[in-house]
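Novice: Quick one: the structure is below, and I'll ask about it shortly.
Every number here is computed from the coordinates shown, using simple stated rules; none is lab data. Note that the structure is a prediction, hence the values are computed from the model and not measured. As a convention, Cβ positions derive from the backbone with ideal geometry for all residues, glycine included, and neighbour counts pool all protein chains shown.
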């Protein structure tokens, strides 16, 4: 039986919807700018943490889920016609929506607000992360909001989390065992772990941390190198077989004379 989702009619309808989506995004750019003119990060510590979270969540955790949208430093507009009601989380996740590239995320045109938002502390932003930005995400209806201080310079504890209950953010409990701080996200199904100047996301089902972007690249290179080595061994073996067959044919020809 053929899959209805892959029928010519279904594929044509999907292509039409995607085209309409891209047209909508292009129209929005003139009215709702995609940039606030601010850098994504102020220093390497903040930048490294943001890149890790993006790679771990977008490229690893949600990689095979077409109906989950993950983005970093993308402007979220809260109210139509109001360019001031805006925020740009260092990471946010929306489940149940199309994983298609956007110029911005406009709440009135999307099926729902983000389920999760994250801000990584910097010298100029950490106070706003726990006050103004927290209030913005609360008003938007973001289910969970986390603030992370990768160098443990500003927050005590360095991981702060809030979950929406009755329209109001309720603080989550950050746990500590020895020098390791942990904070679990029910929305993501992942546990944030901070130790020293490092922050990782752990899969509670396996107890293992999600890989960094560098880990993914190394694994990809290793896999490609192994595949190339295997292909080379196969070519060498096939060459030896052909040489042996040619030698046998030569001997048979000499014996037949």
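Novice: Residue 110 to residue 168: extension gain in nm, 0.36 nm per residue of separation minus the Cα-Cα distance? Walk me through the numbers before you get to the answer.
Specialist: Working: separation 58, 0.36 × 58 = 20.88 nm, distance 2.19 nm.
Additional length available on full extension: 18.7 nm.
Novice: Quick check: pseudo-label points 7 Å beyond the Cα along Cα→Cβ at residue 31 and residue 80, how many nm apart are they?
Specialist: Once both label points are built, they end up 0.7 nm from each other.
Novice: Quick check on the range 25-211: of the DSSP beta bridges with both residues there, what percent are antiparallel, nearest 5%? Display every interim value, and only then the final one.
Specialist: Details: 35 of 42 bridges.
Taking every DSSP beta bridge within the range 25-211, about 85 percent pair in antiparallel fashion.
Novice: Let me ask something else. Going by C-beta contacts inside 10 Å, put 109, 23 in order with the fewest on the left.
Specialist: Values: 109 15, 23 10.
By the 10 Å Cβ count, ascending, the order reads 23, 109.
Novice: Follow-up question, since we're still on this one. As a footprinting exposure proxy, order 155, 69, 137 by other Cβ within 10 Å, with the fewest listed first.
Specialist: Values: 155 18, 69 24, 137 28.
Ascending number of Cβ neighbours within 10 Å: 155, 69, 137.
Novice: I need 208, 175 ordered by Cβ neighbour count within 10 Å, fewest first.
Specialist: Working: 208 10, 175 13.
Ascending number of Cβ neighbours within 10 Å: 208, 175.
Novice: On to the next question. Estimate the FRET efficiency between residue 6 and residue 127 by the formula 1/(1 + (r/R0)^6), using the beta-carbon distance for r and 45 Å for R0, to the nearest 0.05. Each step should come with its number before you reach the end.
Specialist: Working: r = 52 Å, r/R0 = 1.15.
Efficiency computed from Cβ-Cβ geometry: 0.30.
Novice: Using a Förster radius of 22 Å, what is the FRET efficiency between residue 175 and residue 153 based on their Cβ-Cβ separation? Nearest 0.05, please.
Specialist: So, using R0 = 22 Å, E works out to roughly 0.60.
Novice: Express in nm, to one decimal, how much length is gained between residue 63 and residue 98 on full extension, taking 0.36 nm for each residue of separation and deducting their alpha carbon distance. List each step's numbers first, then the result.
Specialist: Details: separation 35, 0.36 × 35 = 12.60 nm, distance 1.30 nm.
Additional length available on full extension: 11.3 nm.
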